[in-house]
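Every number in this text was worked out from the coordinates using simple rules, so none of it is lab data. Keep in mind that what you see is a predicted model, and the values were worked out from it rather than measured. Reconstructed Cβ throughout: ideal geometry from the backbone, glycine too, with neighbour counts over all protein chains shown.
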Amino acid sequence: MSPRAPDLPFLTPVRVDAEQRATAHMAASLLLDHPGPDHDAHLAAVREAAATLPGPVHDALVRFVDAVAAWDLTDRQAHYVQTFDLRRRCALYLTYYAAGDTRRRGMALVRFVEAFRACGWTPRDDELPDHLPGVLELSARDRGPVPDLLLASHRDGIEVLRSALHGYGTPYAHLLDAVCLTLPEVDPGTAARFAALLAQGPPQETVGLDRPLLPFPTTRPTEVPA
């Protein structure tokens, strides 16, 4: 079980317009994906774009950029794998927190596919549709209510991920801060589900299963052809 950051408070939302929110979500989407050969370009682009954002969101994004900019690509990739691929409570797959490795997760993933299609997008074939970077990219590209509903319905899982990242002391925690600063205030129901997840972890189902029900791969959404 991953550590929880001690007494980590929920963040107070900052006022952002639609363009600023889209910029913040696209920045977090880029940097929460696995670091590739273009990672330096992504860091530079996020640093530049962050200048248009309110102070707390700007500062959170730039703290991440400053923390990893001096690392070479191999170190960045190793840290990413250690953070997200080897720690289950740091999973970037939102349905994992609500459904765990159970049969219910399949239906939850179908709802994500339907949400993407409702926005005119489809997740790539080699990626699960609930991958947080992909959902944040959808939020950046589509200003309608569907991405907001996806993020809101999985806010407890996002907060568990944020808490775990802070507990491990990884710079990736700053990216979750930037995202949460742009989301509505945590309501009592979400806070209760968050507390339950911290105490109990995601649900598990092992009867009749020889392996985890679903894998944990990595990519981004693609536009549905016209």
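Ranked for footprinting exposure by Cβ neighbours inside 10 Å, fewest first, Leu43, Leu8, Leu165 give Leu8, Leu43, Leu165. The slack in the chain from Asp17 to Asp125, taken as 0.36 nm per residue of separation less the alpha-carbon distance, amounts to 35.6 nm. Counted over all Cα-Cα pairs of the stretch 1-85, pairs farther apart than 19 Å make up 45 percent.
Ranked for footprinting exposure by Cβ neighbours inside 10 Å, fewest first, Arg162, Arg47, Arg15, Arg103 give Arg15, Arg103, Arg47, Arg162.
For GluC sites (Glu not before Pro), no site in the stretch 44-141 is both called loop by DSSP and has at most 11 other Cβ atoms within 10 Å.
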